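*Asks:* I am attaching a structure below and will ask some questions about it afterwards.
The values are calculated or read from the model by the stated rules, or taken from the named source; none is laboratory data. Since the model is a prediction, treat every value here as computed from it, not as a measurement. For neighbour counting, all protein chains shown are included, and Cβ atoms are generated from backbone atoms with ideal geometry for every residue, glycine included.
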Amino acid sequence: MMRHLRSIMRITRKDKVTNKEILERIGQPYMEIVRINKDLRWTRYVISMSPDRLPKQIIYSQLSSDHRKRGPLVSGSRIPSRET
């Protein structure tokens, strides 16, 4: 999207204009602000859900205090045998 806006506005890399400045020139909000607003809207939606819904349970859950051991996860079917 930014490449197209730069092309339309005839701004080259030599002009050293930031993406934020381009968005300000055309009157569009900066992308970080748009993302934050969408996240807040989704969070408000999840908070209004009933307690038995999975997204709400995930947001309000806590991580266990136990740490897993270092190294790759080992599944029972993928353990190589040492037999030769």
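*Asks:* Just the residues that are outside any loop (DSSP other than H, G, I, E, B) and in contact (Cβ under 8 Å) with a residue 12 or more places away in the chain, please, taken from the range 1-18.
*Replies:* MET2, LEU5, ARG6 - these are the residues of the range 1-18 that are outside any loop (DSSP other than H, G, I, E, B) and in contact (Cβ under 8 Å) with a residue 12 or more places away in the chain.
*Asks:* I want to confirm something. Restricting to the range 48-64 and keeping residues that are assigned to a helix (DSSP H, G or I) and surrounded by 11 or more Cβ atoms within 10 Å (Cβ to Cβ), which single residue is modelled with the lowest pLDDT?
*Replies:* My answer is ILE59.
*Asks:* Under the condition of being closer than 27 Å to SER61 by Cα, at pLDDT 90 or above and among the aliphatic types (A, V, I, L, M), which residue from the range 1-46 is farthest from the chain's Cα centre (by Cα)?
*Replies:* Residue satisfying both the conditions and the ranking: VAL46.
*Asks:* What pairs come up if the first residue lies in the range 19-38 and is under 16 Å from ARG6 (Cα atoms) and aromatic (Phe, Trp, Tyr), the second is in a helix (DSSP H, G or I) and at pLDDT 85 or above, and their beta carbons are under 6 Å apart, counting only those six or more places apart or on different chains?
*Replies:* TYR30/LYS20; TYR30/LEU23
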